[in-house]
Amino acid sequence: MRQRLRHMIRKEFIQTLREPRMRVMLFLPPLLQLLIYGFSVNLDVDSARIAWMDQDRTPQSRELESEFLGSGRFVVVANPTGEGEMQELLDRGKVDGVVRVLPGFAHDLERGRTTSVQVLLDGTDSNTASIVSAYASQTILRYSSEVMNQRQRDKLVAGTVASNGPIGAAVPTVQSATRVWFNPDLKSRNYFVPGVVVNIIMLVTLSLTALAIVREKEIGTMEQLMVTPLRPVELILGKTLPFVLIGFWDMVLVVAASLLIFHVPFVGNFGTLCLAAFFFILTSLGAGLFISTISKTQQQANMSTFLFFQPFMMLSGFTFPVRNMPTIVQYFTFLNPMRYFIEIVRGIFLKGSGFAVLWPQMLALGVMGVVVLGLSVQRFHKHLE
């Protein structure tokens with residue numbers, strides 16, 4: 001069996017790597033995909049374009065504008081004077097939002113009344129709108145705190161003058177100290193790039209193995225395999241093991257590029273990542289082989305690959321958390337190997353999680369790999385249909 005399997009693996013390597021174009025396709029596209037996804041998939045809002053609509057025109061309103069500009073998160077690109085001009089800026093997408101200071105803003109502050117600042121946002125991009133809204137709320141809250149502190153100081157000064165002596169007043173304050181674990185700078189790239197690694201490995205291994213058996217049928221070499229003493233399980237292993245090595249090579253390639261190009265932190269153990277990758281690659285290769293056994297042409301295999309890959313990616317938690325999905329959809333994600341591997345990769349990259357934490361996900365991948373490979377072996381029949 002070992003000799004037959006060795007010859008089968010050697011034949012598969014030769015068939016896969018004999019063409020220079022195929023060798024380039026195995027290693028260049030993963031890097032290109034990583035670069036494209038890594039640079040394009042970025043939800044950070046470093047500088048928001050806003051329009052400043054000051055209908056009060058007082059020193060207090062200008063102080064609030066200075067607070068916005070001094071935060072480093074906003075750039076004022078327009079100063080509309082009327083409703084129509086403000087609406088046109090939002091309709092044409094020239095600004096992310098409009099900060100509107102209503103008349104009587106300073107008057108209410110001087111008399112200790114509650115006043116408000118209107119923030120209008122372009123909600124076509126909900127992520128940007130929510131981030132800009134949070135930035136604006138923080139800036140307004142900081143200005144409000146400064147105004148309250150100034151009024152408190154003025155009261156103390158007035159009391160001191162009235163009593164001809166110092167007055168001590170203990171003013172209770174509550175300060176929040178926020179500490180972000182695992183991703184202190186809150187960079188979305190650190191969240192997305194590990195997921196891109198999973199997507200690339202899945203797409204490469206699934207597409208390669210989906211063509212493995214159906215290619216033999218199309219080029220007419222299946223008859224030659226039929227007259228050999230190879231058993232179905234040996235043929236399946238011979239088709240799988242070469243792509244395991246290719247999948248590992250692509251994984252090392254994209255992980256190295258993630259660290260060197262995008263500087264994504266890697267605080268976990270590389271051995272744990274390799275063990276999890278082995279289970280995941282077996283699962284994806286098994287799925288690809290199953291597609292290959294049920295497809296009659298390479299075109300069918302390619303279409304089936306994308307039919308499998310797109311739902312896997314959408315239900316993996318790559319773009320948005322699984323817990324935000326409808327409950328019935330969350331149950332389907334338990335059958336998705338990409339969900340478990342994305343949790344593993346992000347845990348290893350950002351949290352430094354080990355086997356003691358990630359063993360449930362690894363166990364799920366191992367069970368899926370055995371089941372899918374078993375189905376592929378059972379589905380394969382060593383005869384022409």
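Check Arg23, Arg92 and return the single one that is touching a helix residue (DSSP H, G or I) at 6+ places or on another chain (Cβ under 9 Å) and either at pLDDT below 90 or assigned by TED's automatic domain parsing to the domain that holds Arg231 (or both).
Working: Arg92 fails: touching a helix residue (DSSP H, G or I) at 6+ places or on another chain (Cβ under 9 Å).
Just a single option satisfies the conditions, and that option is Arg23.
Output the residue which, of all residues in segment 43-54 that are under 16 Å from Ser126 (Cβ atoms) and at pLDDT below 85, is surrounded by the most Cβ atoms within 10 Å (Cβ to Cβ). Lay out the reasoning, then the answer.
Filtering segment 43-54 for residues under 16 Å from Ser126 (Cβ atoms) gives 43-45, 48.
Within this subset, residues satisfying the condition of being at pLDDT below 85 are 43-45.
Numbers: Leu43: 14, Asp44: 12, Val45: 18.
Among those residues, the one meeting the criterion is Val45.
Does Val227 qualify as being under 22 Å from Leu5 (Cβ atoms), exposed (fewer than 14 other Cβ atoms within 10 Å of the Cβ), hydrophobic (A, V, I, L, M, F, W, C) and out of contact with any strand residue (DSSP E or B) (no Cβ under 9 Å at 6 or more places or on another chain)?
yes
Name the pairs whose Cβ atoms lie under 6 Å apart, with the first residue in segment 359-381 and basic (Lys, Arg), the second in a helix (DSSP H, G or I), and 6 or more positions between them or separate chains?
If the second residue must be in a helix (DSSP H, G or I), the pairs left are Arg379/Thr293.
Residue-wise test of (1) assigned by TED's automatic domain parsing to the domain that holds Phe309; (2) in a loop (DSSP other than H, G, I, E, B); (3) of a type in the set (Val, Ile, Thr); (4) surrounded by fewer than 17 Cβ atoms within 10 Å (Cβ to Cβ).
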{"residue": "Val233", "(1), (2), (3), (4)": "yes, no, yes, yes"}
{"residue": "Leu237", "(1), (2), (3), (4)": "yes, no, no, no"}
{"residue": "Met251", "(1), (2), (3), (4)": "yes, no, no, no"}
{"residue": "Ser258", "(1), (2), (3), (4)": "yes, no, no, no"}
{"residue": "Val264", "(1), (2), (3), (4)": "yes, yes, yes, no"}
{"residue": "Ala277", "(1), (2), (3), (4)": "yes, no, no, no"}
{"residue": "Ile281", "(1), (2), (3), (4)": "yes, no, yes, no"}
{"residue": "Leu285", "(1), (2), (3), (4)": "yes, no, no, no"}
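Can you say whether Met8 is in a helix (DSSP H, G or I) and surrounded by 18 or more Cβ atoms within 10 Å (Cβ to Cβ), as far as the supplied structure shows?
Details: in a helix (DSSP H, G or I): yes; surrounded by 18 or more Cβ atoms within 10 Å (Cβ to Cβ): yes.
The answer is yes for Met8.
Looking at segment 201-213, which of the residues that are aliphatic (A, V, I, L, M) and surrounded by fewer than 22 Cβ atoms within 10 Å (Cβ to Cβ) is nearest to Val267 (Cα to Cα)?
As a first pass, look at segment 201-213 and keep what is aliphatic (A, V, I, L, M): 201-204, 206, 208, 210-213.
If we keep only those that are surrounded by fewer than 22 Cβ atoms within 10 Å (Cβ to Cβ) as well, we get 203, 211.
Working: Leu203: 26, Leu211: 37 Å.
Among those that are aliphatic (A, V, I, L, M) and surrounded by fewer than 22 Cβ atoms within 10 Å (Cβ to Cβ), it is Leu203.
Do we find a residue being farther than 25 Å from Arg189 by Cα and at pLDDT below 95 anywhere in segment 336-352? Step through it out loud before you land on a result.
Restricting attention to segment 336-352, the residues satisfying the condition of being farther than 25 Å from Arg189 by Cα are none.
No, segment 336-352 contains no residue that is farther than 25 Å from Arg189 by Cα and at pLDDT below 95.
When you scan segment 14-60, how many residues do you find that are β-branched (Val, Ile, Thr) and assigned to a strand (DSSP E or B)? Give the steps one after another, and end with the answer.
In the first step, residues of segment 14-60 are kept if they are β-branched (Val, Ile, Thr); the result is 14, 16, 24, 36, 41, 45, 50, 58.
Pick out the ones that are also assigned to a strand (DSSP E or B) and you get 50.
Total satisfying the criteria: 1.
Rundown of residues vs (1) touching a His at 6+ places or on another chain (Cβ under 7 Å); (2) farther than 30 Å from Val264 by Cβ; (3) not hydroxyl-bearing (Ser, Thr, Tyr), yes/no style:
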| position | (1), (2), (3) |
| --- | --- |
| Gln33 | no, no, yes |
| Leu64 | no, yes, yes |
| Val75 | no, no, yes |
| Asn79 | no, yes, yes |
| Asp108 | no, yes, yes |
| Thr114 | no, yes, no |
| Gln118 | no, yes, yes |
| Thr124 | no, no, no |
| Arg142 | no, yes, yes |
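Scan segment 135-157 and tell me whether some residue there is outside any helix (DSSP H, G or I) and either modelled with pLDDT of 80 or more or touching a Gly at 6+ places or on another chain (Cβ under 6 Å) (or both). Spell out the reasoning first.
The first filter runs over segment 135-157 and keeps only residues outside any helix (DSSP H, G or I), leaving none.
Looking through segment 135-157, none of the residues is outside any helix (DSSP H, G or I) and either modelled with pLDDT of 80 or more or touching a Gly at 6+ places or on another chain (Cβ under 6 Å) (or both).
Closer than 26 Å to Leu43 by Cα, of a type in the set (Val, Ile, Thr) and at pLDDT 85 or above: which single residue out of Val98, Val117 fits that description?
Working: Val117 fails: closer than 26 Å to Leu43 by Cα.
Testing whether each residue is closer than 26 Å to Leu43 by Cα, of a type in the set (Val, Ile, Thr) and at pLDDT 85 or above leaves just Val98.
Kindly check whether there is at least one residue in segment 91-103 that is surrounded by fewer than 18 Cβ atoms within 10 Å (Cβ to Cβ) and part of a helix (DSSP H, G or I).
At the first step, the residues of segment 91-103 found to be surrounded by fewer than 18 Cβ atoms within 10 Å (Cβ to Cβ) are 91-94, 102-103.
If we keep only those that are part of a helix (DSSP H, G or I) as well, we get 91.
Scanning segment 91-103, I find at least one residue that is surrounded by fewer than 18 Cβ atoms within 10 Å (Cβ to Cβ) and part of a helix (DSSP H, G or I), so the answer is yes.
The values are calculated or read from the model by the stated rules, or taken from the named source; none is laboratory data. None of the values given here were measured: they were computed from a predicted structure. All Cβ positions, even for glycine, are placed from backbone atoms using ideal geometry, and neighbour counts span all protein chains on display.
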